[in-house]
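Asks: Pasting a structure below so you can have a look.
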Amino acid sequence: MSTTERANVIESFLVKIRAIHRRGVDRAALQEIVVLLEGLAGRRDLFNFEAFPAPVAGEGNTAFRYRLNDDGETPTLYLNSLLPGKNTIAHNHETWAVISAVEGQELNRVYARSDDGSNPQRAELVLEREVVVQPGTSIAFLGEDLHSIRVDGEQATLHFHLYGRPLESLNGRYGVQDDGSILNYNASQMAPSIKAYAA
């Protein structure tokens, strides 16, 4: 399939997402977005490991994040590929987010804060639920929702991550380490994205 067809499919998808985003995104709107993103994830002719390779084990990287559009501060679409064993600390997104799978499984642990938020250096988290994101099973978040991810098994993932704003602009995101200490997530945890769109 041509890169032009892929770009046209992405743009058609984003037109619908921008319309929902302009209305304002709540939990009901997130479910509308899930349906659209799962439809996009079904286009394996356009979105696959051939077009978006996974990292190679033992060569240093355990995760690739392909950025698929650049429209300023509007919704931004990524394809993430994570190797088995990859995990993150609990973190928020500062904007709404939806994750849908093309290939592979990713364990998402969703947390609630049990503290009152008065200490900017510490947080107490309680595990609320676990969701295995895989083809046909997505997960969605509002900005202050907290989750961590882990990839088990033998297969790399290829998952869409769609955010209300570009990850690169979200400087207020925070992560919570196992001991409860808070850190700036983007500054300490996030590697650069791979540009995968026409300028």
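The values are calculated or read from the model by the stated rules, or taken from the named source; none is laboratory data. The structure displayed is predicted, hence computed values, not measured ones. Cβ atoms come from the backbone with ideal geometry, glycine included; neighbour counts cover every protein chain shown. Ligands, DNA and RNA are excluded from the accessible area calculation, which covers all protein heavy atoms including side chains. Shrake-Rupley method; radii C 1.70, N 1.55, O 1.52, S 1.80 Å.
Asks: For ALA123, are the conditions met, namely being farther than 23 Å from LEU36 by Cα, without any contact (Cβ under 8 Å) to a residue 60 or more places away in the chain, in contact with a strand residue (DSSP E or B) (Cβ under 8 Å, 6 or more places away or on another chain) and surrounded by 19 or more Cβ atoms within 10 Å (Cβ to Cβ)?
Replies: Yes; evaluated as a whole, the condition is true for this residue.
Asks: Here's another thing I want to ask about it. Quick check: is even one residue across the range 16-23 hydrophobic (A, V, I, L, M, F, W, C), closer than 16 Å to ALA101 by Cβ and either open to solvent by 70 Å² or more (accessible area, probe 1.4 Å) or part of a helix (DSSP H, G or I) (or both)?
Replies: No, there is no match, as no residue in the range 16-23 is hydrophobic (A, V, I, L, M, F, W, C), closer than 16 Å to ALA101 by Cβ and either open to solvent by 70 Å² or more (accessible area, probe 1.4 Å) or part of a helix (DSSP H, G or I) (or both).
Asks: Given the options LEU79, LEU146, name the one that is more than 29 Å from GLU11 (Cβ to Cβ), touching a strand residue (DSSP E or B) at 6+ places or on another chain (Cβ under 9 Å) and open to solvent by less than 10 Å² (accessible area, probe 1.4 Å).
Replies: Residue meeting the stated conditions: LEU146.
Asks: So VAL151 passes all but one of these: (1) crowded, with 16+ Cβ neighbours inside 10 Å; (2) over 22 Å from ASN48 (Cβ atoms); (3) among the aliphatic types (A, V, I, L, M). Which condition number does it fail?
Replies: Condition not satisfied by VAL151: (2).
Asks: Let me ask something else about it. Looking at the range 126-136, which of its residues are open to solvent by less than 80 Å² (accessible area, probe 1.4 Å) and out of contact with any helix residue (DSSP H, G or I) (no Cβ under 9 Å at 6 or more places or on another chain)?
Replies: VAL126, VAL131, VAL132, VAL133, GLN134 - these are the residues of the range 126-136 that are open to solvent by less than 80 Å² (accessible area, probe 1.4 Å) and out of contact with any helix residue (DSSP H, G or I) (no Cβ under 9 Å at 6 or more places or on another chain).
Asks: Also: Among the numbered conditions (1) under 21 Å from GLY172 (Cβ atoms); (2) within 17 Å of the chain's Cα centre (by Cα); (3) not hydrophobic (A, V, I, L, M, F, W, C), tell me where GLY72 comes up short.
Replies: Every condition holds for GLY72 apart from (2).
Asks: Just one of ARG27, ARG43, ARG22 is touching a strand residue (DSSP E or B) at 6+ places or on another chain (Cβ under 9 Å), of a type in the set (D, E, K, R) and more than 17 Å from HIS159 (Cα to Cα); which is it?
Replies: Only one candidate qualifies: ARG27.
Asks: Now, a different point. Kindly provide the set of residues from the range 139-172 that are among the hydroxyl-bearing types (Ser, Thr, Tyr) and within 13 Å of ILE99 (Cβ to Cβ), ordered by number.
Replies: SER148, THR157, TYR163
Asks: May I pose another question? Any residue in the range 156-176 that is open to solvent by less than 10 Å² (accessible area, probe 1.4 Å) sitting within a Cβ distance under 9 Å of a residue that is in a strand (DSSP E or B) and among the acidic types (Asp, Glu)? List the pairs, counting only those 6 or more apart or interchain.
Replies: Filtered contacts from the range 156-176: THR157/GLU103; THR157/GLU106; LEU158/GLU103; HIS159/GLU103; HIS159/GLU106.
Asks: Any idea which residue in the range 39-72 is surrounded by the most Cβ atoms within 10 Å (Cβ to Cβ), counting only those that are hydrophobic (A, V, I, L, M, F, W, C), in contact with a Ser or Thr (Cβ under 9 Å, 6 or more places away or on another chain) and assigned to a loop (DSSP other than H, G, I, E, B)?
Replies: LEU68
Asks: For the range 9-63, which positions are at pLDDT below 95 and on the phi > 0 side of the Ramachandran plot?
Replies: Hits for the range 9-63 are GLY58, GLY60.
Asks: Next up: Looking for something touching a residue at least 60 places away in the same chain (Cβ under 8 Å), on the phi > 0 side of the Ramachandran plot and over 13 Å from the mean Cα position of the chain (by Cα) - is there at least one such residue anywhere in the range 83-93?
Replies: Scanning the range 83-93 turns up at least one residue that is touching a residue at least 60 places away in the same chain (Cβ under 8 Å), on the phi > 0 side of the Ramachandran plot and over 13 Å from the mean Cα position of the chain (by Cα).
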